[in-house]
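Read the structure below first, then the notes.
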Protein chains: 2
Amino acid sequence: MPAHDTHAEPKYYQVKKKLLNDIAGLKPGHAIAPERELAEQFRTSRTTVRQALTELVVQGLLERAQGRGTFVANPKTTQTLQLNHPLDDIQANDIFPTSTLLTLDIEHADSEVSLRLELRGGARVVRIEKLRLTSGEPMAIETAYVPASRFPYLKRHLKQHKSLYCALREHYGITLSQAEETIETVLCPPREAMLLHTEVGAPMLLLSRRSYADDGTPVEFARSLYRGDRYKFATKHTRPN
Amino acid sequence: MPAHDTHAEPKYYQVKKKLLNDIAGLKPGHAIAPERELAEQFRTSRTTVRQALTELVVQGLLERAQGRGTFVANPKTTQTLQLNHPLDDIQANDIFPTSTLLTLDIEHADSEVSLRLELRGGARVVRIEKLRLTSGEPMAIETAYVPASRFPYLKRHLKQHKSLYCALREHYGITLSQAEETIETVLCPPREAMLLHTEVGAPMLLLSRRSYADDGTPVEFARSLYRGDRYKFATKHTRPN
DNA sequence: CAGTGGTCTAGACCACCTC
DNA sequence: AGGTGGTCTAGACCACTGT
């Protein structure tokens, strides 16, 4: 069958809605029909079926396993991250019981990092990249940058400490007094997709944070990439008066 | 050419990177080569080229116009929305000088709305749906729900007032004292894609808000869908001690 | 080995825009 | 009429998983 009305609902979207209905009652882990079979059922092509499946995977309702099949995913256990006190480590260590150190090295700041840390271009920065996991599943990648010149031997110190903030406090007497954060949607690059077991191009939540010391100088710039199908962020507001 | 190494960088992603390079120096509005021509250039299929183009469009770097071509988009003028004082209207009216009323009616609450407003299932709610624009371009859709029983004649009052909060204050003596907000990524449904001039399935930012009156009862539940390629949200934090 | 998802191809027809 | 993007098709080969 050829095309269709423009501005009508795309065919893949109708397939998606039908699939959504079909999997509504199924338990996590339940296998759904193979893509080729679904294409026959819906009298469409595998490409169209895959487009529908991809959106459902991106929304966290299905999981694909190469060579095995497509399965109903765990209930969208969207974790809620409170944005209230990012200056403590408590939260991170609470939500992510385990984390793997991916990178700990000294690099030359690219233009964005040097801008955010108010350094000259190419200044040396310590880069700390961690993979955060919950119940063994990779969920977020956090990359923090701090000026290397201000914190000599930081790399060494970090090997003995659990957290960056702890090291800053104990070895350099610095407490972070202020922070700005932004949240936006980005598409997952290949390397991060592999580490997080997601698909390349899947929408992710990017939380960027800049933290300041008491003297008002920026001390840390961090980028945290969260799986968009697993997380949401939360804030609370109270009226001043 | 057939396939490729699994876990290698997908071909479309290489095309995307090359295109990114090519458009780096071009001004907004500049037309790029047609899809069929790009497919020849990169010695690949149109499908693959379109996959790369789609990601660039989603990131806000390109714009597609049916029948005309593909063009370099305006610089990613990502607007930053402060999350600090959502209880005032000031912000909304400041950032979005114009807004169109899409819907103003009374409906039966679905399960999510009744849950959030602590109503019984199917209770009647006033639904206010607005399209927010900046410089004539549609940027967000905001849908607010309030219990109909608590605010009689609200529909009528809203026709005379600029804002919901203003009407609540002046006609019912209610000021909102508290609010919770969550931010997550969702995929754009067809109707909203049409209204916002985006693509179906494009990643969007969904901000959900529940506001409480002084007596602690939930008064408003609102869902705001922002174009993911145009917005980011920002918060500031200050250490208590 | 057969079956699954992962990627890519070549080409079709449509709707839209411009000339 | 011709070119553009929008959607869909049928089918190919690959990598991976199970038997």
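Rule-based calculations on the coordinates, nothing more; no lab input. Predicted model only: the values in this text are computed from it and were never measured. Neighbour counts are summed over all protein chains in view; Cβ atoms, including those assigned to glycine, are modelled from backbone coordinates with ideal geometry.
Just a few scattered comments:
- Whichever lysines have a C-alpha closer than 26 Å to that of residue B:27, once near sequence neighbours (fewer than 8 apart) are set aside: B:16, B:17, B:18, B:76, B:232
- Our note on the geometry: Cα centres of the stretch A:135-193 and the stretch B:157-218, 34 Å apart.
- Note on chain A: GNM, Cα springs under 10 Å; of A:147, A:28, A:138, the largest mean-square fluctuation is that of A:28.
- Using alpha-carbon coordinates, inclination of helix B:46-58 to the longest axis of chain B, degrees: 40
- Pairwise FRET efficiency - residue A:40 versus residue A:182, Cβ, R0 = 45 Å, nearest 0.05: 0.45
- Most fluctuating residue given options B:194, B:139, B:204, as computed from a GNM of chain B linking Cα atoms under 10 Å: B:194
- Between residue A:26 and residue A:194, residue separation times 0.36 nm minus the direct Cα-Cα distance comes to 57.7 nm.
- Near residue A:148, once Lys and Arg are set to +1 and Asp and Glu to -1 for all other residues with Cβ below 13 Å from its Cβ, the sum equals +3.
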